[in-house]
Amino acid sequence: MATKNIFADILDRVRGANNELIAAGVLPAGLDQSRVTVEPPRDPAHGDIATNAAMVLAKDAGRRPRELAEFIADKLCADGMIANVTVAGPGFINLVLKPAAWIEALRGAVESGSHYGKSDIGGGATVNVEYVSANPTGPMHVGHCRGAVFGDALANLLAFTGFKVTREYYVNDAGAQVDQLARSAYLRYREAHGENIGAIPDGLYPGDYLKPVGAALKAQYGDALRVAPEARWLPVVREKAIEMMMATVRADLAALNISPDLFYSERTLIGGAVDQVAAVIDWLRARGYVYEGRLPPPKGAPVEDWEDREQTLFRSTAFGDDVDRPLRKSDGSYTYFASDIAYHRSKLERGFRSLIDVWGADHGGYVKRMQAAVAALSENAAELDVKLIQLVKLLRSGAPVRMSKRAGDFVTLREVVDEVGRDAVRFMMLFRKNDAVLDFDLAKVIEQSRDNPVFYVQYGHARGHSVFRNARSMFADLPTDLTNPTVLTDAGLERLSNSAELALMRQIALYPRVVEGAALAHEPHRIAFYLFDLASEFHALWTLGNSAPHLRFIIQDDRQTTLARLVLVQGVVTVLASGLALLGVGAPSEMR
């Protein structure tokens, strides 16, 4: 059976060596090996793979780590996959694998095809990933874009590793902001009737995107709303404005190839037969987590929700927050936090115990209270991981981009996608960790150069396919399916012995481990970084062939070596296509 995850395979071999030592009485029976790991060493000069086995087992074994490492190393030296074992420092064990190990890993990658890197570490556990959740008060801007791409890629990654994922968008269609949206749309309705509405008042939404809403209201209601009091026209206009704004949001997301499984309406929490916000407050009160009291004056920087009055408070300090949090405003209406508690309770009632929320960086101060609420609601049985998305600085050739005329005060997501394409947007939004500010240069992301990561990675995939086309034009009898086990057996992969070829195989073999690590850490940027490294190794080997013809992928008078190298290229293409798919980015077969 081909090795599909070389790190998992070597971990099994390390544990097997430990089991032999248990059988020999060197290690005690029943030893817990769950903390034993294998990973690439920080310094590649130390070997291919390192294990902490001796360091984590020494105490339970009653031996010094270095002494135990020597026992384990002695067992591993007899393994046919391992060329050399050394013990370093206080007891680290470094392994050098035989070339056959990397060839076997390559064979496994190619044979597995699109399944390479998949795993079942999720075990079918349900995960709710809520992302974007922008207020439906206008088109999505470039900042929303980053959160949307991050959440979608993370959902792809979790599904690929065995989790059952629900992608969710929380529609903030209640509260003051949608009333202001309605008032803004009503002005455009009056404008559609020929009125000169003048400058849009402060506090309302000035963008031209509401003009179609005004026109639609005119077409549907004629003059009727012009003579109606606000109490009558406000809910009508609000409903229409939210409907049309959400249609815009869906279209914006579709431009990024994002389609949430569920759009959850905030209004359903208070607009149904049961006021779910009131119900969750009562539920928490019955358990001692809600009380009537006063908040102490803030120390240092002011706290935005502090009021010097008796109010309804959630005891969030019982779950690690800095201060208890208000659930009702001075006018008796619910705080945003109260509604968010009810919303997260709905997630728990739907069976989720792993919740991931993707928020803008300006919500950083909101994290502790929400995690406290989820802990209280689930009685510590659920976990909320909040991923904060930092700002995007939009540039063109290094200069800041001006605001959009259509939106009024920001650049829309759609404008960016239309200018540079979905692939460039998605890849570059992930080519930096989510909590770091991202400089997005509209000119750089369409350059055809190594300085443009998305081009460099996609070009690697296209270059691989060009190798296939050129090889088959030279050798008409080459097999069309390089993933066929018989072809892989006959390919003579032992010919892949150059250090650059082995380095590329090592990089391919790393993919399953990178995927699992990225999924468990909720960090999809790791995939983008890895793909760039893999493409770099591939392009480097291609360039090496220019100065060393014997290392070219296609050797005119050597069909067998050509076939072996085509399998190596197939490994690269397989992994690039898989990783790009996780990021939601296309993998072109040719680029012009």
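The values are calculated or read from the model by the stated rules, or taken from the named source; none is laboratory data. What you see is a predicted model, and the numbers here were worked out from it, not measured in a lab. Neighbour counts are summed over all protein chains in view; Cβ atoms, including those assigned to glycine, are modelled from backbone coordinates with ideal geometry.
Scanning the range 443-458 for residues being of a type in the set (A, V, I, L, M) and surrounded by 19 or more Cβ atoms within 10 Å (Cβ to Cβ) gives a total of 3.
Within the range 355-383, the residues that satisfy the criterion of being touching a residue at least 40 places away in the same chain (Cβ under 8 Å) and under 19 Å from the mean Cα position of the chain (by Cα) are 355, 356, 357, 358, 359, 360, 361.
Conditions (1) farther than 30 Å from residue 207 by Cα; (2) without any contact (Cβ under 8 Å) to a residue 40 or more places away in the chain; (3) surrounded by fewer than 18 Cβ atoms within 10 Å (Cβ to Cβ); (4) in contact with a His (Cβ under 9 Å, 6 or more places away or on another chain), marked per residue:
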position	(1), (2), (3), (4)
250	no, yes, yes, no
269	no, no, no, no
277	yes, no, no, no
287	yes, no, yes, no
316	yes, no, no, no
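One line per residue, one yes/no per condition, for (1) over 13 Å from residue 535 (Cβ atoms); (2) under 26 Å from the mean Cα position of the chain (by Cα); (3) assigned to a loop (DSSP other than H, G, I, E, B):
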residue	(1), (2), (3)
557	yes, no, yes
561	yes, no, no
567	yes, no, no
572	no, yes, no
579	no, yes, no
585	no, yes, yes
592	yes, no, yes
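Of all residues in the range 503-516, those satisfying the criterion of being surrounded by 18 or more Cβ atoms within 10 Å (Cβ to Cβ) and either of a type outside the set (Val, Ile, Thr) or not in a helix (DSSP H, G or I) (or both) are 504, 505, 506, 507, 509, 510, 511, 512, 513, 516. If you filter the range 77-119 down to residues that are surrounded by 19 or more Cβ atoms within 10 Å (Cβ to Cβ), over 28 Å from the mean Cα position of the chain (by Cα) and among the small types (Gly, Ala, Ser), you find that the one that is farthest from residue 581 (Cα to Cα) is 91.
Of the residues making up the range 184-200, those that are farther than 19 Å from residue 410 by Cβ, out of contact with any helix residue (DSSP H, G or I) (no Cβ under 7 Å at 6 or more places or on another chain) and not in a helix (DSSP H, G or I) are 194, 195, 196, 198. Applying a threshold of 9 Å to beta carbon distances and a minimum spacing of six or more residues, or different chains, the list of pairs starting in the range 37-59 at a residue that is of a type outside the set (Lys, Arg) and ending at one that is exposed (fewer than 14 other Cβ atoms within 10 Å of the Cβ) and in a helix (DSSP H, G or I) is empty. Tell me, please, whether a residue that is closer than 22 Å to residue 382 by Cβ and either out of contact with any strand residue (DSSP E or B) (no Cβ under 8 Å at 6 or more places or on another chain) or in a loop (DSSP other than H, G, I, E, B) (or both) can be found in the range 323-332. So far as the range 323-332 goes, yes, one or more of its residues are closer than 22 Å to residue 382 by Cβ and either out of contact with any strand residue (DSSP E or B) (no Cβ under 8 Å at 6 or more places or on another chain) or in a loop (DSSP other than H, G, I, E, B) (or both).
Elements of the type helices (runs of 4 or more DSSP H) sitting completely within the range 205-289 and holding at least 1 residues that are basic (Lys, Arg): these cover 211-221, 230-255, 276-286. Residues in the range 538-554 that are modelled with pLDDT of 95 or more and either crowded, with 20+ Cβ neighbours inside 10 Å or in contact with a Phe, Trp or Tyr (Cβ under 9 Å, 6 or more places away or on another chain) (or both): 538, 539, 541, 542, 552, 553, 554.
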